[in-house]
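The structure appears below as C-alpha cells.
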Ligand code: ZN
C-alpha cells in the first residue's frame, strides 16, 4: 500500500483521528542513511509523528520539526515534516544497534535514552515559529510525542506509532493520532472515552503489520464511535529540498580564503546533506566561480 494519510472524525466530530502509512519513506530513510534496525525504528516512528502533527496545521507550507535528544547511544534525531505530506530526517549515530528489549521488540527507548528532551517547532511560514520542549517520558517516541501534545498543546491525545522490519526491509511503518478537538477538550466524557481507548490503539502496529489498510484499522479501533472517514487520501513521500545551488550558496558563505584553500588542498569540495544523505561535489572551477562572485559583490 502506498504511503498515505487519511483523516476521520468520531463522536459527532468531538474526536479527530489521523492515520499514516510511512513504510516506503521509512525504507528510503533507512537506505539513504544506512540506518541500523533500531535507528530505522526510531526515525520511522518520528517521521510518522511529524506527519501526524503537521496534519493539524492549516496554512499551506506549514511544517513541523521534531528534535529528540536523549542520553542513549543513538545521540540526537531530527525530523522535518510538512502539511504537504513530505518528510525528511536523520539520526546522529545511524549504525548503533541494540539487542531487542524484554518484549522482544526493537529497543528504541534504550537507543534514544530514557532521559532527555523532545523539542517541537511548528512553523506556519511567517512570523515566529512556535516552539516547545518537554522531557522524555520513555524514549519510545510515541509516548513522548503524546506527552508533548497533552502538556504543551493541552490537547487530550493518544498516539501510536510503529515500525516493523524483517530481513533488512521495512515491511510496515505508520502511526495513528486520536485527539479530542480543542472545542470539545473541556468535555470530560470525551476525554475519558479517549483514555479508555489508549490500550486498544496499541493494536495499531500489529494490524498494520498484518496488512490491514488504514480505513480497516480505523474501523476496527474506532468503528463503534460513529466514525466518519474523510474521502481525501493524501500521498506521503520522503523529500528533501536540498540542491546543488543551495550547496554552492552555503559554500560561498565560507568566504574567499576558505574557498581558495579548498581549491588548493582538495581540488574541490564535497558536501553531504544531513537530512537525506545526498552527496554534492563542487569542482575547483565552481569554487573559483564563487570567488569571482564574491569579488564582484565586494566592489
Ligand atoms: Zn537533502
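No value in this document is a laboratory result; all are computed from the given coordinates. Small disclaimer: the values here were computed from a predicted structure and weren't measured. Because the Cβ atoms are built from the backbone with ideal geometry, glycine has one as well, and the counts that use them run over all protein chains shown.
For the chain, DSSP calls about 95 percent of its internal beta bridges antiparallel. Placing a label point 7 Å from the Cα of residue 291 along the Cα-to-Cβ direction, the residues of the stretch 265-280 with a backbone N closer than 14 Å are 265-269. I'd like the distance separating the alpha-carbon centroids of the stretch 207-279 and the stretch 22-59, in whole Å. Value for the Cα centre distance between the two parts: 9 Å. Modelled spin-label separation between residue 115 and residue 258, with each label point placed 7 Å from Cα along the Cα-to-Cβ direction: 3.6 nm. With angles folded into 0 to 90 degrees, how steeply does helix 188-201 sit against the dominant principal axis of the chain? Use alpha carbons for both and round to 10. The angle comes out near 70 degrees. The C-alpha atoms of the chain define a longest principal axis, and helix 37-54 lies at about 80 degrees to it.
Cβ-to-Cβ counts within 10 Å put 272, 155, 205 in ascending order as 272, 155, 205, the fewest first. Figure legend: label point modelled 7 angstrom from the Cα of residue 71 along Cα→Cβ; residues of the stretch 100-136 with amide N under 18 Å from it are 108-119, 134-136. Helix-only estimate, please: 222 nm mean residue ellipticity of the chain, summing -39500 (n - 2.57) across DSSP H runs of length 4 or more and dividing by its residues, to the nearest 500. Calculated from helices alone, the mean residue ellipticity at 222 nm is -11000 deg cm²/dmol. Stretched out straight at 0.36 nm per residue, the stretch from residue 13 to residue 196 would grow longer than its current Cα-Cα span by 64.1 nm. The length gained on full extension between residue 97 and residue 237, counted as 0.36 nm times the residue separation minus their Cα-Cα distance, comes to 47.8 nm.
Comparing 11, 250, 54 in a Gaussian network model of the chain, where Cα atoms under 10 Å apart are tied by springs, the biggest mean-square fluctuation is seen for 250. For the pair residue 166 and residue 31 in one chain, pulling the backbone fully straight at 0.36 nm per residue adds 47.2 nm over the alpha carbon distance.
Helix 284-298 and the long axis of the chain differ in direction by around 80°, with both axes built from C-alpha atoms.
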